[in-house]
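Shown next, in structure tokens, is the structure this report addresses.
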Amino acid sequence: MAASFLALEVAVRVVTASDRNYLDEISSARALAPGGDLALGDLVRPTADDSIVYELKPGVRGRFLGAPVAVNSLGMRDDERELPKRPQTFRIVGLGDSLMFGWGVRLEETFLALLEKELNARSSERRFEVWNLAVPGYNSVQEVETFAAKADGIRPDLVIVNWVGNDMDLPSFLAESPD
């Protein structure tokens, strides 16, 4: 019986170890042609913060999974945004993973872009900005740490967290593969 449990433990560890994705294996340092096809490794870069692990590369533009993708200078999948908040502006920040990022859809089809459009269509007195801080593969720890690192500059009035089933797991991409 003990031998069976030991064999099961070894099998689970082997499968788990082989099921990890490592940032150093997917990261791309290749020169990107503007508007060209992008792999996930073209969109992300490592960070010095061990809690965040990786982030979107500012300034990347191209096609990802058939849809145009642009990462602005602030490292968000969005048009360029001004950090100082204008008067009468209600700023919403979205934290999440690939679902909120808009995996395989155009920017204007992401639910945060649709929310911003709808809120602004309903109000003439207030301007709404909905900022997309989502990054594919993020878990809850990465989302919280990203918010902590950026919240003071962004000054949101409301935060939307897109929680999914894998948010309690390890990050989808670990910093580097074991030697």
Cα gyration tensor, the stretch 71-175 - rounded (a/c under 1.5), prolate or oblate: prolate
Distance between the stretch 128-154 and the stretch 50-88 - C-alpha centres, whole angstrom: 11 Å
FRET efficiency, 1/(1 + (r/R0)^6) with R0 41 Å, evaluated for residue 163 and residue 73 via beta carbons: 0.90
Fully extended contour minus Cα-Cα distance, from residue 152 to residue 127, at 0.36 nm per residue: 7.0 nm
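Values quoted throughout were computed directly from the atomic coordinates according to the rules given, and no laboratory measurement underlies them. All values derive from a computational prediction rather than experimental measurement. Glycine also receives a Cβ, built like all others from the backbone with ideal geometry; neighbour counts cover every protein chain displayed.
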